[in-house]
Amino acid sequence: MCTVCGCGQGETSIDGEGHAHPHQHRHGAGSGMGIGSQRRMVQVEQDILAKNNQYAAANRRLFAARGIFALNLVSSPGSGKTTLLTRIIARLDDKARIAVIEGDQQTSLDADRIRATGVAAVQVNTGKGCHLDAHMVGHALEKLDLADGGLLLIENVGNLVCPAAFDLGEAHKVAILSVTEGEDKPLKYPDMFAAADLMLLNKVDLLPYLNYNVPLAIEYARRVNPDIRIILTSATSGAGMDEWQEWIMAGQNAM
């Protein structure tokens, strides 16, 4: 079990093939641990993150060498990540060479939705694991025919906790918060919003039917991360999609 998050490991598969993890995560200890055990747990956690950072650095070097703009999309389950991906893929179809890595605990449903757009996608199933890590992404890259100068979109497992700690080698984390969630999510999960460079406040087409305070959500996000850029989006109405597309193209052109 992972000392960082308590999730299970060793059950990862990539496009249906078993995938051996490079290190064995240990069980997160309970409140009755002694000082020595706590110190050992902290050391294991540090070792796990350090190893992940080595793999992330290798991924980042590959992306830089080939001019690939990689984004790590993170959110709670149900925020609308996959639908936003299919919409932005349709908009960028003739402007960028796109590939997708899909992270979920089980099923290939989201990867199937992406492949239906005509874009190559690799499904990473993490089993009991609640986040992607850089080693998983590195193996997924081996199964993708990535184009030099292309765009790689990584849809992480739905979780606002652990993905914040695991660098995948991406250029930016993009946090997606939907208006069907609480305005206080950035305060409840500050590490994620602090790590993100962009927040998409999604499903704004539903605002007429909800009691949701948009200025408060923005205030909370900027309290955690004063530099975060925020775009209000709706995959249904198309709101904000032009601005998000321009942000992506600017990042890709800067590679």
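The values are calculated or read from the model by the stated rules, or taken from the named source; none is laboratory data. All figures in this text were calculated on a predicted structure; none of them were measured in a lab. So basically every Cβ, Gly included, is an ideal-geometry build from the backbone, and we count neighbours across all protein chains shown.
Mind checking whether some residue in the stretch 226-233 is more than 17 Å from the chain's Cα centre (by Cα), closer than 18 Å to Arg87 by Cα and among the hydroxyl-bearing types (Ser, Thr, Tyr)? So far as the stretch 226-233 goes, yes, one or more of its residues are more than 17 Å from the chain's Cα centre (by Cα), closer than 18 Å to Arg87 by Cα and among the hydroxyl-bearing types (Ser, Thr, Tyr). Leu85 fulfils the conditions (1) modelled with pLDDT under 95; (2) touching a helix residue (DSSP H, G or I) at 6+ places or on another chain (Cβ under 9 Å); (3) of a type outside the set (Lys, Arg) except for a single criterion, (1).
For the stretch 45-84, which positions are part of a helix (DSSP H, G or I) and in contact with a Lys or Arg (Cβ under 8 Å, 6 or more places away or on another chain)?
The first filter runs over the stretch 45-84 and keeps only residues part of a helix (DSSP H, G or I), leaving 45-66, 81-84.
Result: Thr82, single match.
Would you say Ile218 is touching a Lys or Arg at 6+ places or on another chain (Cβ under 7 Å) and of a type outside the set (Ser, Thr, Tyr)? The answer is no for Ile218.
Considering every residue within the stretch 108-120, establish whether at least one is touching a helix residue (DSSP H, G or I) at 6+ places or on another chain (Cβ under 6 Å) and either farther than 23 Å from Leu177 by Cα or buried (at least 22 other Cβ atoms within 10 Å of the Cβ) (or both). Yes, because at least one residue in the stretch 108-120 is touching a helix residue (DSSP H, G or I) at 6+ places or on another chain (Cβ under 6 Å) and either farther than 23 Å from Leu177 by Cα or buried (at least 22 other Cβ atoms within 10 Å of the Cβ) (or both). Of all residues in the stretch 112-141, those that are free of Cβ contacts under 8 Å to residues at least 40 places away in the same chain and at positive phi have Cβ atoms under 8 Å from Cβ atoms of residues that are surrounded by fewer than 19 Cβ atoms within 10 Å (Cβ to Cβ) and not in a strand (DSSP E or B), 6 or more apart or on another chain, in Gly118/Asp93. A single member of Pro226, Pro208, Pro215 is without any contact (Cβ under 8 Å) to a residue 40 or more places away in the chain, in a loop (DSSP other than H, G, I, E, B) and surrounded by fewer than 20 Cβ atoms within 10 Å (Cβ to Cβ), and it is Pro226.
Condition check ((1) within 21 Å of Asn59 (Cα to Cα); (2) in contact with a Gly (Cβ under 8 Å, 6 or more places away or on another chain)) across all residues:
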position: Asn159; (1), (2): no, no
position: Ala171; (1), (2): yes, yes
position: Ser178; (1), (2): no, yes
position: Gly182; (1), (2): no, no
position: Tyr189; (1), (2): no, no
position: Asp197; (1), (2): yes, no
position: Leu207; (1), (2): no, no
position: Asn211; (1), (2): no, no
position: Pro215; (1), (2): no, no
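Within the stretch 182-205, being buried (at least 20 other Cβ atoms within 10 Å of the Cβ) and of a type outside the set (A, V, I, L, M, F, W, C) holds for Lys185, Pro186, Asn202, Lys203.
Working carefully through the options Ser31, Ser79, Ser75, find the one that is more than 18 Å from Leu152 (Cα to Cα), out of contact with any Phe, Trp or Tyr (no Cβ under 7 Å at 6 or more places or on another chain), at pLDDT 95 or above and not acidic (Asp, Glu).
Working: Ser31 fails: at pLDDT 95 or above; Ser75 fails: more than 18 Å from Leu152 (Cα to Cα).
The match here is Ser79.
Looking only at residues of the stretch 60-92 that are hydrophobic (A, V, I, L, M, F, W, C) and surrounded by fewer than 17 Cβ atoms within 10 Å (Cβ to Cβ), we find that the one that is farthest from Ala165 (Cα to Cα) is Ala90.
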